There are 2 protein chains.
Amino acid sequence: MASANSTAQRVTIRDVASVAGVSTATVSKVLNDRPDVGPEVRQRVLDTIARLGYRPNAVARGLRARHTDTIAILTDDLEGIFTNALMRGVEDAASAYDVSVLLANSYGDPDRERKHLRRLLDRQMDGLIIMSGNRVRPRSGPALPLPATPYVFLYEYAATEPVPSILPDDRGGAVLAAQHLLDIGRRRIGFINGPASWEATADRLDGLTATLAAAGAPLRPALIRHAASWSPQDGYALATELLDAPEPPDAIFGASDDLATGALAAIHERGLRIPEDVAVVGFDDRSLAVHQRPPLTTVALPLLEMGRVAGQRLLEAVNGGQQRHELIRVPCELRVRASTVGAGHTPR
Amino acid sequence: MASANSTAQRVTIRDVASVAGVSTATVSKVLNDRPDVGPEVRQRVLDTIARLGYRPNAVARGLRARHTDTIAILTDDLEGIFTNALMRGVEDAASAYDVSVLLANSYGDPDRERKHLRRLLDRQMDGLIIMSGNRVRPRSGPALPLPATPYVFLYEYAATEPVPSILPDDRGGAVLAAQHLLDIGRRRIGFINGPASWEATADRLDGLTATLAAAGAPLRPALIRHAASWSPQDGYALATELLDAPEPPDAIFGASDDLATGALAAIHERGLRIPEDVAVVGFDDRSLAVHQRPPLTTVALPLLEMGRVAGQRLLEAVNGGQQRHELIRVPCELRVRASTVGAGHTPR
C-alpha cells in the first residue's frame, strides 16, 4: 500500500500558519494543546492542518512541557470479544515504561469518538490507541485531528494515516491450519468460513487456498461454505451439509471457534470419530476452545502480542520516535489439541 | 452498619491545618490538587487528613476551578465477567450528564491502584468509581487518600468510608428463586451453592433458607452442597450426588449459571425431564443462560442498573451533593424460562 507520508512531509508549519492567517507560534500552541488560543482560531488551525495533511515532527511536538505517563485506548466496542485481551497487551507494554493505560468506549459512534478524543486531549494523554474490539476493517482518520498527540490503530486500520496499524495475520493463521491438516494426512478439507463481508474471511480463504494448492491437494469448491454468522448454530448446519456431501471431508476447518464447535456437534451426532474420521480446527482460541469434547485445535489470534506491539510502537513515538504509515501484521499461532491429533497428545 | 460520618464531620480544615503545621490555604490547595505545594508538605497534609478522618464539604471542594466532564472507573479485574456490563451502566448514567467515562485496571494490586489514582487525580477526574469486576467483598479505603475528589465503590464496599457502595441484593435474588420454585409446587429443593468463602454464598443461602422456612418447606441439610468453584464441572458432580440421594430433589437451585448448567447435564444424563422431574434455576443471567437446553430460568444480577446507580450517585456528588457511608443493594430480577416452566412458556 502506498504511503501518504511523502506528500505530508513536504508541508511545513509555515505553510499552515500562512494558510490559516496566524503566526507559527499560534500553530505551535494549537499543536501542543495550549489553552491560550481562542476556539475559533484553534479550529481554523486544526482544519488547515487536516486539509494540508501537515504532520508535525518530533521537535515540534517536543514543545509540550512534560509527559503525563498516561495513555488511552479508545475502543469501538467495550463488549467486543477482543477488547480485554488487547488492552491487557497494551498494559504489558505500558508497564515497562511505567505508564498508565485508560480505556474509553466510543460505541463506534463518530460523535462519541470526537467527544472522547477532545476530552482525552484536554486531559493531556501522552498518546492514544484507536482500536476495534471485534473486527478488522478500514476506517477514516481519527474523528478529531490529533496533530500534537501520537496515536496508532489497533485491530483496525486507516488506509493513509501516517501512523502504524497493528493487525492479526489472518492469512498466515489459515496457512498454519492448512499445513497442520496436511501434516496429519488430510486431503479432503472442508472449510466453513465466516460471513463474506468480513476482511478476515477473504484473508483466511486465501491462506488456506494457497497452502492446499501448493501441496497438490487443492481446496474443492464443493467443500467450501460461507456462514451467515460466526455462531455454533451456523457451524452445525453447514458441517451437516458437508458431512452429507457425496465425498464428505476428512477434516473441517472452521473460521472461528464457534463455527468449529458447531461442527464438533454435527460430527458427534453422526457417530463419527474425532479426529479419526474427521479432524476439526477452529480459529481464535477463545477460552471455550480448550473445553470442547475433544479439546479443539485452533489458530490463536495474537491479541496480547498485538496489544503489546501497539503499546510499544505508541510509546516509542511518545518518546520522540518518528511514525509512518504501515500495516503491521502480527503472526497467529497454532494450538494443537485432541480434535486433530487425538487424546494421546498433551494439550497446551 | 454504623456510619463513620458523625465523627468525621466534627473535624474541620482548621484542625487539619493545625495538626499538619500549615495554613488552611495550604490545606485548601492540597484538597484541590493545586500544583503549587511541595511534595513533602502535600504528603504531610494528606496523611493528616487520612489520620483525622477529615472529609471536606462541597464548599471546600467547590474551590476547584471547573469540571472536566470526565470520570474514571478503577477496576480490580479488567477481565472479570462483570466489568463490561458495570461500565456500560456507568456510561448510561454519565451520558445523561454528557460526561466521559475512562477505565483503568489495577489488577487488584494496591501499588497499581495508588499509581493509577495519583495519575487520575493529576488528570483532574471529576470523580472516581472504585470497582471489583468479579466479587463482592469488603476492602479498605482507596490506596491513595482522595480528599478533593468524590468517589463511590461498586461491586465491593468499604466498611467505614463516608461514601456509598453499590452492591447487588444477593439475598433478595435467592428469595426470588425460592419463591418461584415454591410457586410451581416444588418442595424438595436442592441447593448447589458457591465456595463458602464468598459473601454472595452466605447471602444467597440466607435468602433461600428464610423463604423456604416461611413457606413451611424448610431447606433440608441433606440437599445442600458447596462447590469448590463456580464451574459447570462442579455443578455436574454435585447435582449427580443430589440426584443419587435417597430422596432426590424435585428442583435444583445453582448459585451461578455455570453450576446450574452442570446440573442440567447431570439431569439429562439420567434421562430425567426438565422441569417435569427436576426444575432448575441459576444465578447471574450470563449470556449462556438463555442458550441452554432447556433455556435456564435464572436470577439476573442487576449489573447495568448497579453501574447506573453508581454513576448517578457519583455525578450527584460531583455536582455538590453530600456523600455519606451507605450500602445500596440493587434488587435482582428473576428471568423465568423453560427450565422451570416448560417449553410452552414464552422466554424473556
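The values are calculated or read from the model by the stated rules, or taken from the named source; none is laboratory data. No experiment lies behind these values; they were computed from the predicted model shown. As a convention, Cβ positions derive from the backbone with ideal geometry for all residues, glycine included, and neighbour counts pool all protein chains shown. For accessibility, only protein heavy atoms count, side chains too; no ligands or nucleic acids. Shrake-Rupley method; radii C 1.70, N 1.55, O 1.52, S 1.80 Å.
Here are the numbers for the structure shown:
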quantity	calculated
Unique residue being assigned by TED's automatic domain parsing to the domain that holds B:GLY190 and farther than 18 Å from B:GLY194 by Cα when the list is B:ILE274, B:ILE224	B:ILE274
Residue count for segment A:183-212, restricted to those that are within 20 Å of the chain's Cα centre (by Cα) and either of a type in the set (Asp, Glu) or assigned to a strand (DSSP E or B) (or both)	4
Verdict on B:GLU305 being among the acidic types (Asp, Glu) and in contact (Cβ under 8 Å) with a residue 40 or more places away in the chain	yes
Residue match in segment A:174-182 (condition: within 17 Å of the chain's Cα centre (by Cα), at pLDDT below 95 and either within 30 Å of A:VAL278 (Cα to Cα) or within 13 Å of chain B (Cβ to nearest Cβ) (or both))	no
Flag for A:PRO248 being open to solvent by 20 Å² or more (accessible area, probe 1.4 Å), in a loop (DSSP other than H, G, I, E, B), in the same structural domain as A:ALA217 (by TED's automatic domain parsing) and not hydrophobic (A, V, I, L, M, F, W, C)	yes
In segment B:141-161, the residues that are open to solvent by 40 Å² or more (accessible area, probe 1.4 Å) and of a type in the set (A, V, I, L, M, F, W, C)	B:ALA159
Whichever residue in segment A:162-181 is touching an Asp or Glu at 6+ places or on another chain (Cβ under 6 Å) and under 30 Å from A:ALA251 (Cα atoms) and, among such residues, is surrounded by the most Cβ atoms within 10 Å (Cβ to Cβ)	A:ASP170
Filter pass, A:ALA25 being open to solvent by less than 80 Å² (accessible area, probe 1.4 Å) and either modelled with pLDDT under 80 or of a type outside the set (Lys, Arg) (or both)	yes
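Residue-wise test of (1) acidic (Asp, Glu); (2) touching a Pro at 6+ places or on another chain (Cβ under 8 Å); (3) at pLDDT below 90.
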site	(1), (2), (3)
B:THR48	no, no, yes
B:ARG51	no, no, yes
B:PRO56	no, yes, yes
B:GLY62	no, no, yes
B:THR70	no, no, no
B:ALA93	no, no, no
B:VAL101	no, no, no
B:ASP111	yes, no, no
B:MET125	no, no, no
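Residues are listed down the side, and each one gets a yes or a no for (1) over 18 Å from B:ARG186 (Cβ atoms); (2) open to solvent by 30 Å² or more (accessible area, probe 1.4 Å):
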site	(1), (2)
B:GLN292	yes, yes
B:THR297	no, no
B:LEU303	yes, no
B:ARG313	yes, yes
B:ASN319	yes, yes
B:GLN322	yes, yes
B:CYS332	yes, no
B:ALA338	no, no
